[in-house]
4 protein chains.
Amino acid sequence: MNINCLFDSGNIEVIDASDSKAIKLAIRNDSNSEFKQWFHFRGHGEIGKTYNFEIINAKECSYVDGWKDYQVVASYDGEYWFRVHTQFDDNKLLSFSHQLEQPTIFFAYFEPYSYQRHLSLIHQAQHSELCQHHILGQTVDGHDIDLLIIGDESRERKIWVTARQHPGETMAEWCAEGLIERLLNEDDALAQSLLQDAVFYVVPNMNVDGSIRGNLRSNAAGANLNREWQSPSVKNSPEVYHVRNKMKEIGVDAFLDLHGDEGLPYVFVAGCEGIPSYDGRLKNLEEEFSSILKSVNPDFQTEFGYDKDEPGKANLTVANAWVGEEFKCLSLTLEMPFKDNANLSNKETGWSGDRSYLLGQTLLNPLYQLVKKLR
Amino acid sequence: MNINCLFDSGNIEVIDASDSKAIKLAIRNDSNSEFKQWFHFRGHGEIGKTYNFEIINAKECSYVDGWKDYQVVASYDGEYWFRVHTQFDDNKLLSFSHQLEQPTIFFAYFEPYSYQRHLSLIHQAQHSELCQHHILGQTVDGHDIDLLIIGDESRERKIWVTARQHPGETMAEWCAEGLIERLLNEDDALAQSLLQDAVFYVVPNMNVDGSIRGNLRSNAAGANLNREWQSPSVKNSPEVYHVRNKMKEIGVDAFLDLHGDEGLPYVFVAGCEGIPSYDGRLKNLEEEFSSILKSVNPDFQTEFGYDKDEPGKANLTVANAWVGEEFKCLSLTLEMPFKDNANLSNKETGWSGDRSYLLGQTLLNPLYQLVKKLR
Amino acid sequence: MNINCLFDSGNIEVIDASDSKAIKLAIRNDSNSEFKQWFHFRGHGEIGKTYNFEIINAKECSYVDGWKDYQVVASYDGEYWFRVHTQFDDNKLLSFSHQLEQPTIFFAYFEPYSYQRHLSLIHQAQHSELCQHHILGQTVDGHDIDLLIIGDESRERKIWVTARQHPGETMAEWCAEGLIERLLNEDDALAQSLLQDAVFYVVPNMNVDGSIRGNLRSNAAGANLNREWQSPSVKNSPEVYHVRNKMKEIGVDAFLDLHGDEGLPYVFVAGCEGIPSYDGRLKNLEEEFSSILKSVNPDFQTEFGYDKDEPGKANLTVANAWVGEEFKCLSLTLEMPFKDNANLSNKETGWSGDRSYLLGQTLLNPLYQLVKKLR
Amino acid sequence: MNINCLFDSGNIEVIDASDSKAIKLAIRNDSNSEFKQWFHFRGHGEIGKTYNFEIINAKECSYVDGWKDYQVVASYDGEYWFRVHTQFDDNKLLSFSHQLEQPTIFFAYFEPYSYQRHLSLIHQAQHSELCQHHILGQTVDGHDIDLLIIGDESRERKIWVTARQHPGETMAEWCAEGLIERLLNEDDALAQSLLQDAVFYVVPNMNVDGSIRGNLRSNAAGANLNREWQSPSVKNSPEVYHVRNKMKEIGVDAFLDLHGDEGLPYVFVAGCEGIPSYDGRLKNLEEEFSSILKSVNPDFQTEFGYDKDEPGKANLTVANAWVGEEFKCLSLTLEMPFKDNANLSNKETGWSGDRSYLLGQTLLNPLYQLVKKLR
Ligand SMILES: [Ca+2]
Ligand SMILES: [Ca+2]
Ligand SMILES: [Ca+2]
Ligand SMILES: [Ca+2]
């Protein structure tokens, strides 16, 4: 089988592809980093023939838990992505097999979101009268850090949304796309009412370098951006550095940081319970946000999630903790699954770009209901 | 100017179209009825020339209030409908003028929804595995009465939605389309969760004859279907007769009847407070429905609406009252404006098909939140 | 089975639909006419069940030859039309059977082209700067006779295209749509070059009344429009009357009249060899037209077609003969099959709307190559 | 102004962007090569403000003639590309100015065709039953060399089409897309008839590395692929090496190599008149090809073009000459303009992707008419 990953977000190392019964592959490390788990490659073989793939370093990947009950995503046309049954033997490797319906197939850790699509999103959005495109600075590799300002900057509440600090969490940008497009829909009463009270600052891709490079979590310099918020460096984490500066300039009244979780098959949020300034107001806002989101989108739930931080034990290098502490505002990390939502399973696609998009649209509902209470 | 209304839902009478400065038109009565207000015609003239139109019997129309602050809808391509400024002099006529950008233009009372689109809606929907098409019987003119059953008929709760008993209230079918398409979206967590507990019976057009004939409120026999629910006749109101029979066979746990209101520039509901069986349970359900809908769609409001019936004074010939009394269930008439939503005005389009569609999607939210409480 | 034909171009009479093994149907006569062969109806039954249909008056239809090797067209969604195997026993009836994949299915003699789509075609076209919409007058039923003028009226050559004099020949309007949309494509070098020398006058539907009524060949008054060109009456054949008048006003340098043929499974043209003025110039133009069209669209052929008229024996009541004689110009009837093109068979769809559309596009090729020779 | 070219086919060097009245830019050399002329960058500034751009090394670019009467292409959304007036002072620089309608704009030498779109083209095409995707080998950078085989390999005639040996000639891939999609249209009688006699081997992008890198003419190793056909090296010109090998394996009965010409504002072909084997048969085929193409697509012409080679003086390192000599077959280089087609000017877009696409569709016409004469 011919295997190639030389394209946007490609990541695979071919160990031995000579035997279709055991194509041995390895996932490359992130740039300047030990992280690894994202993969994306194209395989070319014979129609009708079955190929067996083995990711031999699955056990050394960052989130071994992520492989349990995981199904690889695959696509013949690069548009429709389906799931392929996958096995993980704890002591060995991740394997899956597939009989080709067409000669050439893409496999990935999750439905990709390309830089080309990112540029389209930005450039389509700027056409709206509701939206302006800003550039905050450049990444380590020199890409522009794109910010969309949606609504009227004179509105009282400033709501920030960032996505894809971890570039392999592509569901985060699908989710941002849903949120952005709903905000720009002039017929959507909730979106337009929300924009009466708030203006949005959206960074749909915080880590363009890592996205293009096919990293799971790191930027080009090897930094985990979501551990850089306390003291970002213009050299190693300019993406955080510039966004943080703009936040300080503008202010933040609510913050959503969009992510994917490798292990848990659920959609959930993590809050600020461990930050020094945490109080009843923030607790109420967090609880109301979750309660409203759950009521409008049952893909969201509150039963499963991360363990809560002890009071005062928050890691302030993390975006949502730093923002929560700095601005004393509602500040949440939203997590979506790489696997499926175990509560509402879709056997064909698992969790997907489309479902992330719809989730992004419904994120406006709790913001609308809470906007006047944010301060 | 050449004026023609010989097409789906066409209605106008040309009194004198010889003088472009005063084209005199009249609205025809509904079939076998005194009702009249819907109009829909095509005018053909010269690009760049301004035409003045006068509807000379505006004052004799069914809802004279409907002409106050009313803007006529117009379209060059039959897809994009914009508003044209309109004047109503209480003692005289409705007039509007327009400079032609293309030679041929449609004018209508509201954005039309053709029988051809109705057939497409039905036939596209039946392709979904979630949906079956049924035919309940035939109208006075002999058209099929189309019912879509969405979801699994074994589910506990039966939710009925009817639209366009009054055929000129085309926003009702746009709204039904939004509701139907959301239910059929397999990625929509709320819709699919709702279908775990409920099955929908949707009649997207209760009055096909009147729709095609260009009536405002009557069917082909001259019946106002929304006054026929206590004793419909197979001869004069077969549309109600057959739907009522199916309701009795299946049962009803919630009912939404979709309408447009000529006068009020708001979206609102009318409930069952006047039916004999009205009680705290129904009152709570109605209030919760409104409260939830308002929270997810600010196009909906509860400040403006119809006067409430006195206890026991409901008109049980009206669909929502009859259903509420018969099935002791949540039963609402939803009203949308012909004008604009005064709370969230769109100067270009006023209230529109697109906004009705989005409202239809959000009708699922209160149903989802209330489904387990419906009985 | 529930059978209904109360919609645009519907035509069927239910004799007995009680036995799914032998649903007996008859085709209604055209309005005020003995012609009949077009049918279009919707059947509603049970998924998975097989229904047998018999058209009991097939033998009395206008073109009994048309049933030989004929396959009925069918569609579940009204967009994709496939063929269903059909049997014709010379001495009896036309029969076909089908196992339902969805409850509701359309059957028709050929892929329909609705008046709603006609209106869209006209209104979309008028948006182009290249196109103006004119109304020539009204049909017997009062519908507008729509004319599209494409290009600059000052151009030297006037090319006329008419379609669907026989309303059941819906392929003619699909074909006209292809021709129109290619002319309006500003990137199409051939179309735009042709418009340097010529202006087009296109009547995409000559017989709106018959189209809506579900006729095969007649208008509302029972006239066969393609036998009315010598002395049309404003009362019984206003469609021809008004088009003829406009032709006399404008002139004609080439004329294409688009049709379908019930019997022959081929695309072909009929020329003017029988008109008094026929000469070498017209013969050459006809031969060159055919030769060029064949070279760019192998769906067109010259082997099969109608017998040629004897010199001087042309029927001058027929459009192409009358125009040819009146204007001494290239004047052709183009015929497409109701069945399939036997030379290039498509088992799934037979001849179709899409193929007619592509043929319409390629009609511009011979016109482009001949435009400077037309006079 | 913020200027960035870090994306697919980006190429610009910012000399000084501090003064909006004179933003000084330079075009980078192709990889390992002196060639340069392609540019593609994104500028971000203030809405309503006018920016003046100067390409200071325009005079050192490969085709100085290319700047005469050249208009730069620009796009706000990356989909619709319009032309911006451009000045070239022979002794100095290329300059253009533009008032921003949105903050962020793309400028390029010609409408880009991204690798992402290339992958979509390949993967959509392979879904057709008419098409198989093959990979011939890898480029210098390691990208797959994609070949689409369209039709049945057992057909007698083998027609080869290559595009974009020179990566900055993006019109070549737009043209290939048109040709491919027409071949895959099962309703297109000409395409399907042609596939009865021939099978197509299409390489839509011969130079993926150079395309992504933003080169004008070279591959990653600095090779001008269209001078490598006599002795390609697997190391420096593997793209030619592998295609040539496959040609030798399969045979070639006709060959089209798609290009853009920097200087001439016309569409034209260059033939094989200088190859040793040139004879009357080849001359006739070339003349017939041109004559037919001209008759179906007036964007093509034969008045302007390259000077003809003297007999025996062809450069056999050039693809079409090498193929013509090796296979004694019709072998043509097709050239499209970077500027506009001076014969059929489009002031808004100049020559464009859409026009190249339509040209690609019409390339099938001469092949269809000549297929039986190719040998
Ligand atoms: Ca904007
Ligand atoms: Ca179904
Ligand atoms: Ca126009
Ligand atoms: Ca294939």
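Work out how much length C:GLN196 to C:ASP279 would gain on full extension: take 0.36 nm times their residue separation and subtract the Cα-Cα distance, in nm to one decimal.
Full-extension gain reported as 27.1 nm.
With the dipole of chain D worked out from charges on the C-beta (+1 for Lys and Arg, -1 for Asp and Glu) around the Cα centre, which of D:SER18, D:SER290, D:LEU216 lies farthest toward the positive end?
Going by the Cα projections, it comes out as D:LEU216.
Considering only DSSP beta bridges with both partners in chain C, what is the antiparallel share in %, to the nearest 5?
Restricted to chain C, the bridges split so that about 65 percent are antiparallel.
In whole Hz, what ³J(HN,Hα) sequence does the stretch D:141-147 give by Karplus (6.51, -1.76, 1.60; θ = phi - 60°), x for Gly and Pro?
So the J values, rounded to whole Hz, are 6, x, 5, 5, 9, 8, 10.
Report ³J(HN,Hα) in whole Hz for each residue of the stretch C:296-303, in order, from the Karplus equation J = 6.51 cos²θ - 1.76 cosθ + 1.60 where θ = phi - 60°; Gly and Pro get x.
These are the phi-based 3J(HN,Hα) values: 9, 8, x, 5, 8, 8, 10, 6 Hz.
How many angstrom separate the Cα center of the stretch B:185-254 from the Cα center of the stretch C:141-160?
45
Under a 5 Å amide H to amide H cut-off, with H placed in plane at 1.01 Å, what residues pair with C:ILE23 once short-range neighbours are removed?
C:ASN52, C:PHE53, C:GLU54
Let me have the 222 nm mean residue ellipticity of chain D computed from DSSP H runs of 4+ only, each contributing -39500 (n - 2.57), with the sum over all residues rounded to the nearest 500. Working shown, then result.
On the way: 9 runs with 96 residues, N = 375.
That calculation yields -7500 deg cm²/dmol at 222 nm.
Kindly put A:ILE15, B:ILE275 in sequence by how many other C-beta atoms sit within 10 Å of each C-beta, fewest to most.
Numbers: A:ILE15 13, B:ILE275 26.
So the residues, fewest neighbours to most, are A:ILE15, B:ILE275.
If R₀ is 51 angstrom, what is the calculated FRET efficiency for the pair D:ASP141 and D:SER291, using the beta carbon separation as r and rounding to 0.05?
Given R0 = 51 Å and the Cβ-Cβ separation, E is 0.80.
Cut-off is 10 Å between beta-carbons; in what order do C:GLU60, D:GLU54, D:GLU239 appear when sorted fewest neighbours first?
C:GLU60, D:GLU54, D:GLU239
Antiparallel DSSP bridges in the protein assembly as shown: what percent, to the nearest 5?
Once the DSSP bridges in the protein assembly as shown are tallied, antiparallel ones form about 65 percent.
Cα gyration tensor of the stretch B:98-256, axes a ≥ b ≥ c as square roots of the eigenvalues: rounded (a/c below 1.5), prolate (a/b > b/c) or oblate?
oblate
Report, in whole Å, the centroid distance computed from the Cα atoms of the stretch B:1-69 and the stretch C:267-296.
A separation of 49 Å, based on Cα centres.
What is the calculated FRET efficiency for A:VAL64 to B:LYS373, with r their C-beta to C-beta distance and R₀ = 56 Å, to the nearest 0.05?
Computed FRET efficiency for A:VAL64 and B:LYS373: 0.80.
What are the ³J(HN,Hα) couplings of the stretch A:358-369, residue after residue, when phi is run through the Karplus curve with 6.51, -1.76, 1.60 and θ = phi - 60°? Round to Hz, x for glycine and proline.
Residue by residue, the stretch A:358-369 yields 5, 4, x, 4, 6, 4, 5, 4, x, 5, 4, 6 Hz.
Taking the Cβ of B:SER20 as the center, what net charge do the other residues with Cβ under 14 Å away carry, scoring Lys and Arg +1 and Asp and Glu -1? Don't jump to the answer; show the numbers that get you there.
Details: positive: B:LYS21, B:LYS24, B:LYS49; negative: B:ASP16, B:ASP19, B:GLU46, B:GLU54.
With Lys, Arg at +1 and Asp, Glu at -1, the net is -1.
Which entries of A:LYS24/A:LYS49; B:LYS21/B:LYS68; A:LYS36/A:LYS294; A:LYS59/A:LYS339; C:LYS283/D:LYS283; A:LYS248/A:LYS373 show an alpha-carbon separation above 26 angstrom in the structure shown?
Details: A:LYS24/A:LYS49 17 Å; B:LYS21/B:LYS68 22 Å; A:LYS36/A:LYS294 32 Å; A:LYS59/A:LYS339 17 Å; C:LYS283/D:LYS283 33 Å; A:LYS248/A:LYS373 21 Å.
As for pairs spanning more than 26 Å Cα to Cα, those are A:LYS36/A:LYS294; C:LYS283/D:LYS283.
Modelled label-to-label distance, D:LYS347 and C:ILE250, 7 Å Cα→beta-carbon offset: nm?
2.7
Please arrange B:LEU194, B:LEU316 by how many other C-beta atoms lie within 10 Å of their C-beta, fewest to most.
B:LEU316, B:LEU194
Could you work out the relative contact order of the stretch B:254-375, using alpha carbon pairs under 8 angstrom and six or more residues apart, expressed as a whole percent? Please list the in-between numbers first.
Values: 205 pairs, mean separation 50.9, N = 122.
Computed value for the stretch B:254-375: 42 percent relative contact order.
Once amide H atoms are built 1.01 Å from N in the peptide plane, which residues 5 or more positions from D:ARG217, or in another chain, come under 5 Å H to H?
Under 5 Å from the amide H of D:ARG217: D:GLY168.
When the convex hull of the C-alpha atoms of the stretch D:244-365 is computed, what volume per residue in Å³ does it have?
108
For the stretch B:145-237, what is the Kirkwood hydrodynamic radius in Å, using each pair of distinct C-alpha atoms?
Here the Kirkwood hydrodynamic radius works out to 14.2 Å.
For the pair D:ASP19/B:LYS308, report the inter-label distance in nm, with labels modelled 7 Å from Cα in the Cβ direction.
Going from the D:ASP19 label point to the B:LYS308 one covers 7.5 nm.
Around C:ALA176, under 13 Å between beta carbons, what's the net of Lys plus Arg minus Asp minus Glu among the other residues?
In short, -3.
Compute the label-point distances linking A:GLU101 to its equivalents in the other copies; points lie 7 Å from Cα along Cα→Cβ; give nm, one decimal, shortest first.
1.5, 4.1, 4.4
Name the most mobile residue of A:ASP16, A:ASP257, A:ASP209, meaning the one with the largest mean-square fluctuation, in a Gaussian network model of chain A with Cα contacts below 10 Å.
Comparing A:ASP16, A:ASP257, A:ASP209 in the GNM, the peak value goes to A:ASP16.
Does the protein assembly as shown come out rounded, prolate or oblate by the C-alpha gyration tensor, with a ≥ b ≥ c the root eigenvalues, rounded set by a/c under 1.5 and, if not, prolate when a/b is larger than b/c and oblate if not?
Values: a/c = 1.62, a/b = 1.03, b/c = 1.57.
Judged from the Cα gyration tensor, the protein assembly as shown comes out oblate (a/c at least 1.5, b/c at or above a/b).
Calculate the spin-label point distance for D:ASP89 paired with D:ASP152, positioning each point 7 Å from the Cα along the beta-carbon direction, and give it in nanometres.
It works out to 6.5 nm between the two label points.
Project the alpha carbons of chain A onto their principal axes and report the range along each, largest first, in whole Å.
Between the extreme Cα coordinates on each principal axis of chain A lie 62, 46, 42 Å.
Each reported figure results from applying straightforward, stated rules to the coordinates on display, with no laboratory input. Computed from a predicted structure; not experimentally measured. We place every Cβ from the backbone using ideal geometry, glycine too, and count neighbours over all the protein chains shown.
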